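Report on one structure; see the data block that follows.
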Amino acid sequence: MREKCKIAFLIDNDDCNHHYLEILEKIMVSNSFQDPVFISDKVYLSKIEYLYSFKRLKSLPRNLLLKLIAYFENFFLKRDLKFKIPSKDRNLKKYNLKILRVCSIKSLKNVRRFSENDISVIKKEKFDVIIRCGNGILKGEILESAKHGIFSFHHGDNREFRGMPSGFWEVYNNALSTGFIIQKLTEDLDRGYVLARGNIPTASYWQRNNALITYKSINSMINILKQLSEGELPKIEKDQEYSEKIYNLPSTKILIKYILKQLYLLIIRLKKRLLGVSLKWEVRIIKSETVENLHLQPYFSLTHPNGASLADPFLFQQDGEEFCFVEEIGSSKKGVISTFKIEDSGPKYLGRILEEDFHLSFPYIFEYENEIYMCPETASIQEIRLYKCIEFPCKWVFEKTLVSGVDAVDSMIICKEGQWFLMTTYCNSNSNDHNSELNILIPQKNNPLSETWFPVGHNPVVFDSRSARNGGLARIGDKLLRVSQIHAKGFYGYGINLNEIIKIEKNIYIEKKIDTITPNKIEGIKGIHHLSKTKRLIAYDVSFESS
């Protein structure tokens with residue numbers, strides 16, 4: 001019988017942030033772990049650090065401004081219905097866990113070192129892993145005081161943003177995404193051994209961005225600890241890249257610029273709302289066998305009789321005729337599925353073919369045993385559903401629910417080398433972010449109509465808002481291309497990638513990006529987030545501002 005894993009949480013002065021307590025609570029209900037232990041560090045200032053702290057009085061205006069920004073942004077964050085703020089109860093006594101008390105010495109540049117006596121006390125516990133929950137840069141023998149070392153979050157993509165504060169510089173610099181890493185700490189700041197990483201779309205303001213990246217990273221740490229408890233050592237990222245620049249707390253000047261930027265963007269949003277300006281989606285069709293130079297090829301648009309927005313096009317060929325299935329979005333904002341017949345004389349609207357009491361979109365279609373099925377997005381009812389065509393192309397009936405109780409969007413069921421797979425993006429947190437985590441499942445008995453599906457390997461197989469969420473499927477010769485969406489700061493559906501699926505198996509997923517299409521390649525549009533292809537047609541959707 002495998003010995004249970006022993007985890008410690010290194011905290012500052014009996015204080016532990018909510019996201020670490022969520023990890024702790026997951027460990028406590030698992031049979032794979034011993035009761036975790038708190039290591040509570042009472043930090044002492046060295047004489048040099050104590051004297052240096054008086055010089056920081058010069059930073060008082062900057063620090064007050066930082067706190068003021070955080071206060072106002074947290075006020076709005078708490079009223080953001082899409083983000084659930086956790087309970088504020090941080091009383092460690094309720095967990096009834098062992099607490100080791102140690103004292104580190106804090107020197108210049110926030111470096112902390114522990115005495116030989118404290119290291120000896122920690123080593124006697126024979127921890128498998130220590131999770132760093134507090135502040136400060138750990139140096140010295142503490143890094144080797146547990147069997148597998150100290151695991152730590154860095155809420156920033158260390159290939160671009162090293163340093164602090166978490167989530168600020170990505171917003172300030174209008175970065176497409178904000179990242180995190182989980183690392184095994186070494187002596188080098190933010191250059192530890194990377195065990196996991198992920199990227200989400202950069203939020204519109206600092207505190208929201210910080211909250212989102214914090215809570216999106218929790219499951220990755222839980223997955224690493226689960227692997228460890230099963231006797232599998234976490235894999236270290238190969239060919240690690242690091243940004244040489246290390247960000248520090250922003251200056252007063254930078255903070256004032258940030259405030260002015262945020263006020264300007266707020267005025268622009270209010271102005272657009274007053275003028276009734278919003279994003280509208282349309283579907284364009286190209287007669288072409290190649291996706292190269294998409295922006296240079298002539299197109300025609302699908303036009304709805306009542307001017308409704310159209311998005312998520314899927315082309316399907318039946319008996320030599322071409323059809324395009326789309327999401328139709330009317331004034332109610334509830335999506336339905338419609339279809340067009342693509343004739344030589346132009347597209348013909350055939351009407352709504354699938355409508356429910358809930359939102360439908362992403363009408364993915366596939367064939368199995370001479371029958372035609374549709375797997376539209378039904379995330380609003382927490383299901384992945386299947387519909388069967390009884391009279392092509394306009395009559396469809398509900399067949400079954402494949403997966404229930406899951407917050408999944410834009411699912412595709414594909415067959416590669418005889419094996420069926422379901423590719424979908426989950427929201428595995430309270431953040432309502434469906435753009436960042438690509439998950440793959442396989443069906444029982446290799447039957448795509450099965451109601452039992454199993455996760456592949458260690459999901460998510462892609463954790464990056466610039467490439468995770470599905471945006472269609474295309475075949476070019478023997479190549480199977482997964483179209484993935486790119487999401488930007490405060491903007492859904494910025495662009496798409498074309499990714500060749502190199503290998504997909506039970507424990508392996510490898511894809512290679514072969515092209516990227518963004519708005520700067522297509523004049524007059526704000527975004528593009530979907531593409532579909534048959535042998536002679538390409539369909540894609542674009543967004544633009546409309547009054």
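The values are calculated or read from the model by the stated rules, or taken from the named source; none is laboratory data. Quantities reported herein were computed from a predicted structural model and do not represent experimental measurements. In this analysis, Cβ positions are derived from the backbone assuming ideal geometry, glycine residues included, and neighbour counts consider all displayed protein chains.
The figures follow:
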item	result
Set ILE442, ILE496, ILE502: member being free of Cβ contacts under 8 Å to residues at least 12 places away in the same chain, in contact with a strand residue (DSSP E or B) (Cβ under 6 Å, 6 or more places away or on another chain) and on the phi < 0 side of the Ramachandran plot	ILE502
Single unsatisfied condition, TYR349 versus (1) in contact (Cβ under 8 Å) with a residue 40 or more places away in the chain; (2) closer than 21 Å to TYR492 by Cβ; (3) in contact with a His (Cβ under 8 Å, 6 or more places away or on another chain)	(2)
Qualifying residues in segment 401-430 (those that are charged (D, E, K, R) and either outside any strand (DSSP E or B) or modelled with pLDDT of 95 or more (or both)) - the one nearest to LEU350 (Cα to Cα)	ASP410
Condition met for ASN520 (without any contact (Cβ under 8 Å) to a residue 24 or more places away in the chain, in the same structural domain as THR401 (by TED's automatic domain parsing) and not in a strand (DSSP E or B))	yes
Hey, ALA203 surrounded by 20 or more Cβ atoms within 10 Å (Cβ to Cβ), over 26 Å from LEU438 (Cβ atoms) and of a type in the set (A, V, I, L, M, F, W, C) or not	no
Test: residue in segment 25-35 that is modelled with pLDDT under 95, closer than 12 Å to ARG132 by Cα and polar (S, T, N, Q)	no
Filter result (assigned to a strand (DSSP E or B) and surrounded by fewer than 19 Cβ atoms within 10 Å (Cβ to Cβ)) within segment 10-25	ASP12, ASP15
Checking SER429 against (1) free of Cβ contacts under 8 Å to residues at least 24 places away in the same chain; (2) crowded, with 18+ Cβ neighbours inside 10 Å, the condition it does not meet	(1)
Every residue from segment 167-185 that is in contact (Cβ under 8 Å) with a residue 60 or more places away in the chain, among the hydroxyl-bearing types (Ser, Thr, Tyr) and buried (at least 23 other Cβ atoms within 10 Å of the Cβ)	SER177
Elements of type strands (runs of 3 or more DSSP E) contained in segment 103-213, each with 2 or more residues being under 28 Å from TYR494 (Cα atoms), assigned by TED's automatic domain parsing to the domain that holds LYS238 and not small (Gly, Ala, Ser)	177-184, 193-201
Qualifying positions in segment 357-400 - in contact with an Asp or Glu (Cβ under 8 Å, 6 or more places away or on another chain), in a strand (DSSP E or B) and exposed (fewer than 15 other Cβ atoms within 10 Å of the Cβ)	LYS400
Test: residue in segment 239-258 that is surrounded by fewer than 12 Cβ atoms within 10 Å (Cβ to Cβ) and more than 24 Å from PHE151 (Cα to Cα)	yes
